[in-house]
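Shown next, in structure tokens, is the structure this report addresses.
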């Protein structure tokens, strides 16, 4: 089995003097990313590899989430994830080494929401509907594949194990889409 932890970056400032790639996380974005990392740790979902976009907010989200894990998680920055299409994200996913069973990817919408929808062929109906209607900042789709090789990942091949939003982790009733 392969597991993809598809995490959208946390809530970021709207503007940066350095442009879109340099927008930093807001305090809430940092807190939400830490909560997601704690959720993953407490659920026993520790990635062997983490990959993030080179945008500042994605790198900060990755750092905040990984801070929850007691040991080092191998991670890298992938420049091509920033605003990538589903086709490109699938290509990147298929290049994941087979020794990695659990992969954490941190990136952006619309690509991540579209990728989650493209991959998820089954799962709990409410979670699927929620994920497909809104993929807010710091939301996490946990996607499981019954395959031996990442290169075999196909459309609809994943089961959505769970869709977790920061609002749910905070105990809020309503998700904030941004």
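Structure notes:
Each row is one residue, and each column tells you yes or no for (1) closer than 24 Å to residue 170 by Cα; (2) touching a residue at least 24 places away in the same chain (Cβ under 8 Å).
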{"site": "42", "(1), (2)": "yes, no"}
{"site": "45", "(1), (2)": "yes, yes"}
{"site": "49", "(1), (2)": "no, yes"}
{"site": "53", "(1), (2)": "no, yes"}
{"site": "61", "(1), (2)": "yes, yes"}
{"site": "65", "(1), (2)": "yes, yes"}
{"site": "68", "(1), (2)": "yes, yes"}
{"site": "77", "(1), (2)": "no, yes"}
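- Selected residue (only one of 159, 154 is part of a loop (DSSP other than H, G, I, E, B), free of Cβ contacts under 8 Å to residues at least 40 places away in the same chain and either out of contact with any helix residue (DSSP H, G or I) (no Cβ under 8 Å at 6 or more places or on another chain) or over 18 Å from residue 3 (Cβ atoms) (or both)): 154
- Out of 81, 77, one residue alone is surrounded by fewer than 21 Cβ atoms within 10 Å (Cβ to Cβ), within 15 Å of the chain's Cα centre (by Cα) and either at pLDDT 95 or above or closer than 29 Å to residue 156 by Cα (or both). It is 77.
- Among the candidates 117, 126, 91, 98, residue that is without any contact (Cβ under 8 Å) to a residue 24 or more places away in the chain, more than 17 Å from residue 43 (Cα to Cα) and either touching a helix residue (DSSP H, G or I) at 6+ places or on another chain (Cβ under 8 Å) or in a loop (DSSP other than H, G, I, E, B) (or both): 117
- Some residue of the stretch 2-11 being surrounded by fewer than 24 Cβ atoms within 10 Å (Cβ to Cβ) and farther than 25 Å from residue 121 by Cα: yes
The values are calculated or read from the model by the stated rules, or taken from the named source; none is laboratory data. It should be emphasised that the depicted structure is a prediction, and the values quoted were computed from it without experimental measurement. With ideal geometry, Cβ positions are generated from the backbone for all residues, glycine too; neighbour counts draw on all protein chains shown.
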